[in-house]
Amino acid sequence: MGMFLAADPVVKAVMIILAAASVVTWTILLVKMFSLGLAKRRMRLSLNELRSAGNLAEAGQRVRRGVGALLLVEAEEELGLSHGLPSEGVKERAAIALNRVEARVGKRMASGTGILATIGSIGPFVGLFGTVWGIMGSFIGIASSNTTNLAVVAPGIAEALLATGIGLVAAIPAVVIYNALTRSITGYRALTGDAVALIMRHLSRDLDRREFGAYGPKGSIRLAAE
């Protein structure tokens, strides 16, 4: 703390920025851990219900929350709008709608992680800027004092090097956390893709049953999705 207080104002500003970036990094980690954990848990429950359902309407009765319900609503809406049209076209349009929902959900879950990549990329360079600035000040101090005594310049150099250290402390966790969250988000997207595949299987079966006259009264699966 004494080194920070004695540092050049520019070096101080660099240290404060890097410390704030580190706080942002750990905040994003905590928020994403909670949201990803909850989303994955709901998606696994939805997958279990989708696998055990006999048709699309039954799946809608079982899955009432989360992204799984949102996907089912999209499939039901397309099925209703395409009543009487060829099955292949219905399946194609439903797949497009579900894929757009899947992409939107994945993008929403990945929001904020780009900040981690930015901190991990530029953190060391911001710290290096503070170090260079501080060392320049130390050399100017040497020229002003007309002495090469190490005791004159050592404090300034040490304060400048502290900026580099803080830059690494901010950047290294940001890179590690970014990679970990990217893998976790990829896993969540895979679960969402599994849900889309199961819904498309139900839709395909229901269309075949309707085409061959074995499809019973269509149940509504318009559900409130979170």
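Some observations on this one:
- Residues satisfying the stated conditions in region 106-123, i.e. farther than 24 Å from G68 by Cα and open to solvent by 40 Å² or more (accessible area, probe 1.4 Å): G114, I115, T118, S121, I122
- Residues that are out of contact with any Cys (no Cβ under 9 Å at 6 or more places or on another chain), part of a helix (DSSP H, G or I), among the aliphatic types (A, V, I, L, M) and closer than 30 Å to L56 by Cβ do not occur anywhere in region 133-146.
- Sole residue being in contact with a His (Cβ under 7 Å, 6 or more places away or on another chain), open to solvent by less than 50 Å² (accessible area, probe 1.4 Å) and either in a helix (DSSP H, G or I) or closer than 30 Å to A19 by Cα (or both), chosen from A103, A39, A59: A59
- Test for L198: is it of a type outside the set (G, A, S) and open to solvent by less than 70 Å² (accessible area, probe 1.4 Å): yes
- Residue within region 78-98 that is acidic (D, E), assigned to a helix (DSSP H, G or I) and in contact with a helix residue (DSSP H, G or I) (Cβ under 7 Å, 6 or more places away or on another chain) present: yes
- Tallying residues that are open to solvent by 60 Å² or more (accessible area, probe 1.4 Å) and within 27 Å of the chain's Cα centre (by Cα) within region 1-23 yields 3.
- Residues that are open to solvent by 80 Å² or more (accessible area, probe 1.4 Å) and of a type in the set (S, T, Y) were ranked within region 128-184; the one that is modelled with the highest pLDDT is S144.
- Of all residues in region 26-47 being touching a helix residue (DSSP H, G or I) at 6+ places or on another chain (Cβ under 8 Å) and not aliphatic (A, V, I, L, M), the one that is nearest to R62 (Cα to Cα): S46
- Residues in region 81-100 that are touching a residue at least 40 places away in the same chain (Cβ under 8 Å) and open to solvent by less than 50 Å² (accessible area, probe 1.4 Å): S87, V90, K91, A94, A95, L98.
- Some residue of region 80-90 being among the small types (G, A, S) and closer than 30 Å to I16 by Cα: no
The values are calculated or read from the model by the stated rules, or taken from the named source; none is laboratory data. Note that this is a predicted model, so its numbers are computed, not measured. Heads up, the Cβs are rebuilt from the backbone with ideal geometry, glycines too, and the neighbour counts pull from every protein chain shown. We work out accessible area using only protein heavy atoms, side chains counted, and drop any ligands, DNA or RNA first. Shrake-Rupley method; radii C 1.70, N 1.55, O 1.52, S 1.80 Å.
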